[in-house]
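Nothing in this text is a laboratory measurement; each read-out follows from the coordinates by a stated rule. Quantities reported herein were computed from a predicted structural model and do not represent experimental measurements. Backbone-built Cβ (ideal geometry, glycine too); neighbour counts: all protein chains shown.
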Amino acid sequence: MVRRQGDWLSAKVGDELVMMSAEKGNYIGLSEVGARVWEIIETPSEFDAVCAQLVQEYEVEPDICRAEMKAFLNELVKHGAIALDPSPAA
């Protein structure tokens with residue numbers, strides 16, 4: 001599961017989303033696609049579901065989407081903006 005965490009404030013600036021954590025003093029600027037991911041995970045979502053949504057909305061191959069999403073989400077984890085929870089065992 002991918003879910004937001006922390007006290008992040010966000011605002012659209014052109015095609016970007018500017019985010020700031022008052023608690024940590026961190027600032028992040030997200031591209032249009034990054035901003036879309038942030039919107040999608042407003043409700044905690046499965047990694048595969050987020051990728052499927054992006055593949056539908058943008059011209060991107062599923063494998064490329066998964067690789068780029070993984071790198072992007074790892075950056076958000078480093079900033080404390082999201083948490084990646086393991087999927088429950090089936």
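Summary of computed values
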read-out	value
Pairs with Cβ under 6 Å, 6+ apart, first in region 56-70 and closer than 13 Å to ARG36 by Cβ and free of Cβ contacts under 8 Å to residues at least 40 places away in the same chain, second of a type outside the set (D, E, K, R) and assigned to a helix (DSSP H, G or I)	CYS65/CYS51; CYS65/LEU54; CYS65/VAL55; MET69/CYS51
Enumeration of residues in region 13-54 that are in a loop (DSSP other than H, G, I, E, B), closer than 22 Å to ARG66 by Cα and either more than 14 Å from the chain's Cα centre (by Cα) or among the hydrophobic types (A, V, I, L, M, F, W, C) (or both)	ILE41
Residue count, region 1-12 (criterion: in a loop (DSSP other than H, G, I, E, B) and among the small types (Gly, Ala, Ser))	1
Residue count for region 16-54, restricted to those that are of a type in the set (D, E, K, R) and in contact (Cβ under 8 Å) with a residue 24 or more places away in the chain	3
